[in-house]
Amino acid sequence: GQQLNQSPQSMFIQEGEDVSMNCTSSSIFNTWLWYKQDPGEGPVLLIALYKAGELTSNGRLTAQFGITRKDSFLNISASIPSDVGIYFCAGLAKGTYKYIFGTGTRLKVLA
Amino acid sequence: GAVVSQHPSRVICKSGTSVKIECRSLDFQATTMFWYRQFPKQSLMLMATSNEGSKATYEQGVEKDKFLINHASLTLSTLTVTSAHPEDSSFYICSASRDAGTDTQYFGPGTRLTVL
């Protein structure tokens, strides 16, 4: 099925560093969601975005709904070891009910 | 709020047997539930969408007779893997939504199925 392009695919960072990842699509979306998945667990919702240009924070996490409606960004500030995991974006187009998921960004934090 | 549970969390079965996985929305009513399959190091692959009281809608390539889905109530959906084979071994995750098309999806913790 269709998937969104997420970048980067994986990244190693030092503890304390900031992290940025993005998700891009060729289609316009009305809703963007960001999830984190730990090994052997289901995805956990981090942030939901509903308006173009919207900037929403959840603790050290900040996500933005791109102005073009075709992309979204997730930033993690001052990373800690428990930020390790896979981050997925998901987009919902107008008139549909199925979210399209990104390919995932695998984050590894070096203490 | 918005807690989704799955049972069992892990199951090992013999080839040829059937396995039922339950997905429950614990603190909200889910008009729509989704079933995903995830292979190692890959993203989630939607298998089917189920709406309470109606037949499930399956994605292309997913055998409806092999993966039976029942959404009997607003808080429970079940996925039955019939005549399981080793290639059905995977991580199965459900999600629930109050209102598909407008609401976010809340995921269950997943079920690890191993078919011997």
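No lab work stands behind these numbers, since they all come straight from the coordinates. Every value quoted in this text rests on a predicted model; they were computed, and no experiment measured them. For neighbour counting, all protein chains shown are included, and Cβ atoms are generated from backbone atoms with ideal geometry for every residue, glycine included.
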In segment A:9-111, the trypsin sites (Lys or Arg not before Pro) that fall in loop regions by DSSP, at most 12 other Cβ within 10 Å: A:Lys51, A:Lys94
Among B:Phe107, B:Cys13, B:Asn70 - extreme Cα towards positive end, dipole of chain B, charges at beta-carbon: B:Cys13
Potential lengthening between B:Leu68 and B:Thr102 on full extension [0.36 nm per residue; Cα-Cα distance subtracted]: 9.6 nm
Greater than 20 Å apart at Cα, pairs in B:Lys20/B:Lys41; A:Lys70/B:Lys41; A:Lys94/B:Lys64; A:Lys98/B:Lys64; B:Lys14/B:Lys66: B:Lys20/B:Lys41; A:Lys70/B:Lys41; A:Lys94/B:Lys64
Average partner coverage of B:39-51, which counts Cβ from other chains inside 10 Å: 4
Between segment B:53-78 and segment A:78-101, the Cα center-to-center distance that results, in Å: 24
Set of segment B:10-52 residues, backbone N closer than 13 Å to the point 7 Å along the Cα-Cβ line of A:Thr96: B:46
